[in-house]
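Values quoted throughout were computed directly from the atomic coordinates according to the rules given, and no laboratory measurement underlies them. Computed from a prediction, not measured in an experiment: that's the story for all the values here. Using ideal geometry, Cβ is built from the backbone for each residue, glycine included, and neighbour counts are taken over all protein chains shown.
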Amino acid sequence: MALNFKPGWNIALAKYVSKYGSYQAFLDTLTPLLIEQAFSDANSHFTDPLAADFIRTVVASADVYTIEQGSHQAEDLPGGGFCLHFTGRNSANVAFHFYIVQNPDGTPKIIRITYFDKKSKQLVTSNRA
């Protein structure tokens, strides 16, 4: 896999801990291996070109993308419950948010990807097909 894990990626950011207290939504159980498995599982399940390219690059390219922050920030799901997301950045310096839920075996599953498109100046959302 072509992933670089930024030092401290799996530790809650101090600025959020000071702002939100214990920042309980941050989970430190997401490992590099679990993230790699989530990308392998997500390959071919997203149609947005930039989101799909990020996944393809991580799975099958020599280009190295960075995971900047582990799972954090609870988000409501339309059908009830919540998910968390982790953050990655590609070589074009675009930050991607990978929203995950937990599979029955405990592994993470990427269900949605968002990023800010600098050209259109809009947030792009790509849901798992």
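Near the amide H of residue 30, within less than 5 Å, lie the amide hydrogens of 71, all on another chain or at least 5 residues away, with H placed in the peptide plane. For the chain, the longest principal axis of the C-alpha atoms and the axis of helix 49-60 are separated by about 90°. The number of Lys pairs in the chain with C-alpha atoms less than 25 Å apart, excluding pairs fewer than 8 positions apart on the same chain, is 4.
Working note: Cα gyration tensor of the chain, eigenvalues times five, square-rooted, sorted largest first, giving semi-axes of 21, 17, 16 Å. Taking Cα centre as origin and charging only the Cβ of basic (Lys, Arg, +1) and acidic (Asp, Glu, -1) residues, the dipole magnitude of the chain rounds to 400 debye. Taking the chain as a Gaussian network of alpha-carbon nodes connected by springs under 10 Å, the highest mean-square fluctuation of the residues 40, 18, 61 belongs to 18. In a solvent-free Debye calculation with one equal scatterer on each Cα, what is log10 I(q)/I(0) for the stretch 45-86 at q = 0.21, 0.23, 0.34 Å⁻¹, listed in the order of the q values? The calculated log intensity ratios at q = 0.21, 0.23, 0.34 Å⁻¹ are -0.85, -0.91, -1.02. For the chain, the relative contact order is 24 percent, taking Cα pairs closer than 8 Å that sit 6 or more residues apart in sequence and dividing their mean separation by the residue count.
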